[in-house]
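The values are calculated or read from the model by the stated rules, or taken from the named source; none is laboratory data. Because the structure is a prediction, the values reported are computed rather than measured. Cβ placement follows ideal geometry from the backbone for every residue including glycine, while neighbour counts extend to all protein chains displayed.
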Amino acid sequence: MKIKRFVAKSMRDAIRQVRDEQGPDAVILSNRRVPGGVEVVAATDYDAALAQQALRQHAAHEPQPPPPPPQTPPEKPRRSTATQRPTEAAAPAAQQAATAPPPSELAQMQRELGSMRRLLEEQLAGLQWNELKRNQPQRVAVLRALDKLGLSADLARAIADEVPPSVEGEAARLLPASLLARRIPIGPQDPILDGGVIALVGPTGVGKTTTIAKLAARFARHNRARDIALVTLDHYRIGAQEQLFSYGRLLGVPVHSVAPDQDLGAVLEQLSDRRLVLVDTAGMSQRDHTLGQQIDRLRSLGPRLHSYVVLAANASGTDEVVRRFAPLQPAGCVLTKLDEATSIGAPLSAVIGQALPLSYVAHGQRVPEDLHLAHADRLVLCAVQLARATTQVVDDDSLARRYSNPSSSPAASIHA
């Protein structure tokens, strides 16, 4: 193990010197402030026991500060006047303020410490990832393949943990996909045919209105059009109601518009003779503060209303969307815009993580041809095909940050 001391004006400059001279695998053993800057002790070919011994030797040879001068016995306090007491009481506070760093210097120190922490975490993650590549190449290959699907790091780790180290060849390639398919929750077969009051919820632009039309047309294939009614609550998006009214005219079913100040429950009571009532809600961002009012409005209807979350396969933040609508206790979800997606790992991770059943998938605008029942195997096949089509290459540094745990490294105790 080779240990060297570096001195620089700032922590960032010191780290840069370490990387330039010792390479990306160097490990920082200690750091401290010295006159004129900072001192960093770094090592290559890291060994924990040798590092501890070297640090002790380094500390033993450091010049020690001179001992403080002996203190003289304090004089007997004199009786002070009322005007002297505030001055004497303020003296320690003034001395403390004089010796404290200015705020700008404290902020600079915090920035340097934060930068140093990130660099250390990256170094430790890289060391751990390289060790994993040497000792468990099969696990690394599985993680790399699952990461290319766009899955969350937690889900990829969980699936990789289920792959036996002894699995090789074609089985090693197919088993992770099979394990992923088993985890995807699939809802009851074609739940729309059971009828009831069903509301579609989700952010703006995910395709709720078009999905409403597809579901209505799918139901009409097996039942009468007069058994269906459509309700719109969207009074925010320009043209939203007109779009649903156009679908209603094409399908031959009535469309009812319910304003925010109207009683939705009373309108649904008037439509109780319809076997299926589809409610198109206003699209709002999951971070919109007014979304809570819409959720409360739907929750007030109780168990007679079944909500389905609509997720766009080409949108980001699907996990946040699913969690935001969790208070509605949705019966399932619909995954739309598969034809516009470059990866579906994120929505699959979201529904798996939140145990939200997938009922339908949509991959186009045709009504109702582009709406299909969800199948776990087909979704995994779609994810694999999208991964093969992408030209994006994930480097080892990115994989190390996602799948390594620096806190478990043997060097972590030195930096604690």
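General remarks:
- Residue that is under 25 Å from G252 (Cβ atoms) and out of contact with any Pro (no Cβ under 7 Å at 6 or more places or on another chain), where the choices are E340, E369, E320: E369
- Answer residue from the range 241-286, given it is assigned to a helix (DSSP H, G or I) and in contact with a helix residue (DSSP H, G or I) (Cβ under 7 Å, 6 or more places away or on another chain) and is surrounded by the fewest Cβ atoms within 10 Å (Cβ to Cβ) among those: Q243
- Residues (among the hydrophobic types (A, V, I, L, M, F, W, C) and in a helix (DSSP H, G or I)) located in the range 186-223: I192, L193, I212, A213, L215, A216, A217, F219, A220
- Against the test of being buried (at least 17 other Cβ atoms within 10 Å of the Cβ) and under 15 Å from L215 (Cβ atoms), the options C382, C333 yield a single qualifying residue, C333.
- Matching residues, the range 229-255, being under 18 Å from V201 (Cα atoms), of a type in the set (S, T, Y) and either more than 32 Å from the chain's Cα centre (by Cα) or at pLDDT 90 or above (or both): T232
- In the range 161-177, residue modelled with the lowest pLDDT [restricted to those that are among the small types (G, A, S) and crowded, with 16+ Cβ neighbours inside 10 Å]: A172
- Scope the range 154-175; condition touching a Lys or Arg at 6+ places or on another chain (Cβ under 9 Å) and not in a helix (DSSP H, G or I); matching residues: V163, P165
- Test set (1) more than 23 Å from D13 (Cβ to Cβ); (2) part of a helix (DSSP H, G or I); (3) more than 23 Å from the chain's Cα centre (by Cα); (4) without any contact (Cβ under 8 Å) to a residue 60 or more places away in the chain - L132 fails condition number: (4)
- Members of the range 296-312 that are part of a strand (DSSP E or B) and either within 27 Å of the chain's Cα centre (by Cα) or of a type in the set (A, V, I, L, M) (or both): L305, S307, Y308, V309, V310, L311, A312
- When the range 337-363 is filtered for residues that are in a helix (DSSP H, G or I) and not polar (S, T, N, Q), the ones remaining, listed by number, are L338, D339, E340, G345, A346, P347, L348, A350, V351, I352, G353.
- Among (1) crowded, with 20+ Cβ neighbours inside 10 Å; (2) closer than 30 Å to P24 by Cβ, the one test that R401 misses: (1)
- Check on S398, under 30 Å from Q123 (Cβ atoms), without any contact (Cβ under 8 Å) to a residue 40 or more places away in the chain and polar (S, T, N, Q): yes
- Criterion violated by A158 - all others in (1) buried (at least 18 other Cβ atoms within 10 Å of the Cβ); (2) under 20 Å from S349 (Cα atoms); (3) among the hydrophobic types (A, V, I, L, M, F, W, C) satisfied: (1)
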